[in-house]
C-alpha cells in the first residue's frame, strides 16, 4: 500500500480541505513552539502547551483522514459485494471457487482434510415448466436460506451455477461430509413453499468428494459433480460420495 495513501485523492484528503489546513496549522504550531522555547526558555511551560495543542490537532486531522478512506462495500457475509450472489445472498461462482482454491492450498500445505459438496435441486427443469420462470427466485431464496441455517460455522456456501450450490468443508473427511450433506438434504426437504397458490415440494441431491494431495481444482470439482449426478440418477433426494474407480489388475 502507498504510505502516502491518505494524501492522495483516493485517500480522501483532497475532498476535505479543512483537514489539510488543520494539519498544516498543527505542524506550524509545533515548529514555532519549539523555536520559541529555545529563544525564551523561561516561557517553556507555555510553549509546551502549544506543542501539546499542535500534537492533538495533528492526531485529530490524521484520524479524520483514516475515517474517511473509502473501502470496498461488504456484504453481511463479510465478503466484498462482487463475490456475493444477488439473488441468494450466498457467495457467487467466483466467490465460492476462490474459497475452494484457498481451502485446497491450506489442505495441501498443512495436510489437513478437506471435502466438497455439490448440491443440485432435483427436477429443476420440471419445476420451471410447471411453475414458470418467476418461481426460480422464490425457490432459490428458500433453499439458500435453509442451507445457510443448517451449515456449520467454518463451512462456506455458494451458488455455483443455476440450481447448483457448492459447500466447502474444511477439516472434514468423507464420513463427516456425508453427515453434513444429509443434514442439508433434510433441511431442504422440510421447506414449506407455496408458489402461485400451489404447495411445492423441493428436494435436493448431494455429491461429496474428498480432496487428495496433488489434485487440481478441475478434478476436485469433477469428482463432486460426478457424485451428484450419480445421486440424481439413482432417484434424487439422497447423498452419494465419490468413489475412485478401482485400479486395473497389476497397475502400480
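Applying the condition of being in contact with a strand residue (DSSP E or B) (Cβ under 8 Å, 6 or more places away or on another chain), part of a loop (DSSP other than H, G, I, E, B) and on the phi < 0 side of the Ramachandran plot to the range 207-241 and asking which residue is surrounded by the most Cβ atoms within 10 Å (Cβ to Cβ) yields 211.
Taking the conditions exactly as written (farther than 15 Å from residue 239 by Cβ and at pLDDT 90 or above), does residue 149 satisfy them or not? Taking the combined requirement at face value, the residue satisfies it. Every listed requirement among (1) closer than 22 Å to residue 229 by Cα; (2) in contact with a helix residue (DSSP H, G or I) (Cβ under 8 Å, 6 or more places away or on another chain); (3) crowded, with 16+ Cβ neighbours inside 10 Å is met by residue 177 save one, (2). With respect to the conditions (1) surrounded by 15 or more Cβ atoms within 10 Å (Cβ to Cβ); (2) at pLDDT below 60; (3) touching a strand residue (DSSP E or B) at 6+ places or on another chain (Cβ under 9 Å), residue 90 lacks only one, and its number is (2). Checked against the criterion of being within 21 Å of residue 180 (Cα to Cα) and free of Cβ contacts under 8 Å to residues at least 60 places away in the same chain, the range 110-123 contains one or more residues that satisfy it. The set of residues from the range 206-237 being in contact with a helix residue (DSSP H, G or I) (Cβ under 7 Å, 6 or more places away or on another chain), farther than 13 Å from residue 118 by Cβ and modelled with pLDDT of 95 or more comprises 211, 217, 237.
The values are calculated or read from the model by the stated rules, or taken from the named source; none is laboratory data. Since we're looking at a predicted model, the values are computed, not measured. Counting neighbours? That spans all protein chains shown, and the Cβs are built from the backbone with ideal geometry, glycine included.
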